[in-house]
Every structure is written in structure tokens, then in C-alpha cells.
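Taking it in order: structure first as C-alpha cells, then the write-up.
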Amino acid sequence: MQLSTTKKISLWLLPPEPIITTLTSIQSNLIAKLIEVGGRRDLPRFIPHVTLIGGVPISDCCSLDEVTSHESSQSNTDGSDDNIDTDEYAAQIVLRRMQNAFQSYGGIICDFNKEKGIFAVRNEDSNDNDTNIQWNQSCISIVQRSASFMNAMLVADDVLFATINGRNHNEQQQSLRLPIERHFKPPLYEPHYSFVYGNDANLIPPELKCPQSFTCTEMILMWTYPSTLEGVKVWKEIGRISLL
């Protein structure tokens with residue numbers, strides 16, 4: 001028995017109502033327009049969100065000892081057998097950690113860089129003009145690195161990597177904290193909001209504006225694999241984390 005190194009989880013910040021409904025409508029309208037104008041029919045829908053930390057293998061978040069200990073405890077209390085998906089069980093452990101750490105935490109501010117506007121991020125190392133747009137950074141607005149946002153990243157980082165090789169990660173962090181910026185994904189290396197995935201950069205509507213700034217009071221832990229445009233349609237929710 002072992003934990004997967006390819007199944008990845010992500011922690012998303014959800015906009016409150018009515019902003020999330022507005023962003024959902026904008027996404028639907030953009031996809032419809034891209035189908036009509038660009039002939040695209042493969043653009044996936046997803047919950048509007050800002051990624052706090054993303055693409056972390058579940059094997060990096062739990063030790064196998066922690067999972068088997070919880071499984072044994074659960075079996076003793078409810079009589080369940082060990083026919084359980086170990087990765088799913090590990091994800092539930094991470095979810096409970098997050099819920100405990102962020103209980104009564106308060107809101108996380110998501111403010112957007114209006115000067116940068118909306119744009120597509122290109123892979124500079126690609127020589128193919130037709131494929132050099134990064135599919136998950138193809139229609140984005142940059143999130144400001146506010147103290148509120150960065151502090152939440154630090155808390156989430158400690159929670160995600162609470163156990164490494166059976167040792168307490170927080171103790172390791174006291175002496176050598178890895179740079180939190182490692183979680184910002186290439187080629188942009190900035191926190192951001194994505195309106196759609198897999199967009200043609202030439203079809204970004206000129207009237208599209210940055211999202212309204214918001215204070216997140218609820219996060220969602222997601223399975224985000226496969227990490228491809230085609231894989232988005234099978235991404236699924238693990239659970240929600242209230243910040244209030």
C-alpha cells in the first residue's frame with residue numbers, strides 16, 4: 001500500500017455571492033462565444049476560484065503511517081474493513097487539517113491588478129505559435145500579493161505539509177522555510193484568476209475587465225488531476241473549509 005505521487009490536490013479560494021454567480025455567467029458566455037467565433041467545443045467548465053496552493057501530490061501531504069493509523073482507528077470504531085481508497089482517505093485527513101487550521105480564521109482578500117488587465121500567458125520556450133499559450137493561464141487577471149493572501153498561503157503550506165517522513169513539518173520550517181513563491185506556477189509565476197481554460201489569446205473580448213475584488217470566506221479542497229485541459233472535466237471536490 002502506498003500513496004499516489006500523481007494524484008494531485010489544490011486549495012481554491014471561492015468568491016462570495018453574488019460575485020461567484022457573476023463570474024460563472026461570464027465563463028459560460030465566454031465559452032459560448034469561443035464556440036461560435038473560434039469553433040472551440042472542448043473548453044471545460046469549472047468553479048470560479050483563485051488558487052491558493054495547487055498541484056500538490058497527495059503523497060506529499062500525508063505519511064503512510066498517518067493514513068494507516070487513522071484507518072485502523074476508524075475500523076475499530078465503526079467496524080469498517082480496509083477496502084478503502086488510501087488516497088481518498090489521505091485527502092480527508094488533509095481536509096480535516098485545513099478545517100481545523102482555518103476555523104474562525106477570517107476573510108482572505110483577493111484584489112486584482114487592474115493595470116495588467118486581462119491577458120494570456122505564453123510559454124517562452126515554445127517555438128510553435130499555435131500551442132505556446134499556457135492552457136490554464138490563457139485568460140487571466142493577476143491577484144495582488146497582499147499580506148492577507150500571502151499569510152493565508154503560509155498557513156496552508158504548513159497544513160499541507162504537516163507530516164513529511166513521519167516528522168513534524170512545522171518543526172522543520174522553524175529552521176528552514178522553503179520559499180512560499182514555489183507554489184506560483186510557470187510560466188506566469190503569479191497568483192491569478194482564470195476566466196476560462198484553453199482560450200485562444202486572440203479571442204479575449206476587449207471589454208472583459210478584472211473581477212471585482214472580494215474577500216473569500218470559504219475555500220474548497222479539490223482533486224485536480226489529470227493536470228491537463230482534457231482532465232479538468234473529471235476534477236472533483238474533496239470538501240469545503242469555512243473561514244468564519
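The values are calculated or read from the model by the stated rules, or taken from the named source; none is laboratory data. All values derive from a computational prediction rather than experimental measurement. Here Cβ is always computed from backbone atoms with ideal geometry, including for glycine, and neighbour counts include all displayed protein chains.
Could you figure out which of (1) assigned to a loop (DSSP other than H, G, I, E, B); (2) modelled with pLDDT of 95 or more isn't true of residue 81?
(2)
Taking segment 8-30, which residues are over 19 Å from residue 191 (Cα atoms) and either touching a Cys at 6+ places or on another chain (Cβ under 8 Å) or free of Cβ contacts under 8 Å to residues at least 60 places away in the same chain (or both)?
17, 18, 21, 24, 25, 28, 29, 30
Does residue 31 satisfy being modelled with pLDDT of 95 or more, under 30 Å from residue 138 (Cα atoms) and buried (at least 18 other Cβ atoms within 10 Å of the Cβ)?
no
For residues that are crowded, with 16+ Cβ neighbours inside 10 Å, at pLDDT 95 or above, not in a helix (DSSP H, G or I) and not hydrophobic (A, V, I, L, M, F, W, C), tally how many sit in segment 90-133.
Within segment 90-133, residues that are crowded, with 16+ Cβ neighbours inside 10 Å, at pLDDT 95 or above, not in a helix (DSSP H, G or I) and not hydrophobic (A, V, I, L, M, F, W, C) number 3.
Which of the residues spanning segment 42-71 are part of a helix (DSSP H, G or I) and charged (D, E, K, R)?
Quick first cut of segment 42-71, residues part of a helix (DSSP H, G or I) only: 58-60, 64-71.
60, 65, 66, 71 - these are the residues of segment 42-71 that are part of a helix (DSSP H, G or I) and charged (D, E, K, R).
Every residue in segment 174-227 that is β-branched (Val, Ile, Thr), closer than 22 Å to residue 59 by Cα and in a loop (DSSP other than H, G, I, E, B), please.
224
Anything in segment 226-241 that is of a type in the set (Asp, Glu) and touching a strand residue (DSSP E or B) at 6+ places or on another chain (Cβ under 7 Å)? List them, or say none. Before you say what the answer is, go through the steps one by one.
The initial filter retains those residues of segment 226-241 that are of a type in the set (Asp, Glu), namely 230, 237.
Hit for segment 226-241 is 237, nothing else.
Just checking, which of 189, 193 is surrounded by fewer than 19 Cβ atoms within 10 Å (Cβ to Cβ), among the hydroxyl-bearing types (Ser, Thr, Tyr), at pLDDT 95 or above and under 15 Å from the mean Cα position of the chain (by Cα)? Reasoning before the result, please.
On the way: 193 fails: surrounded by fewer than 19 Cβ atoms within 10 Å (Cβ to Cβ).
The match here is 189.
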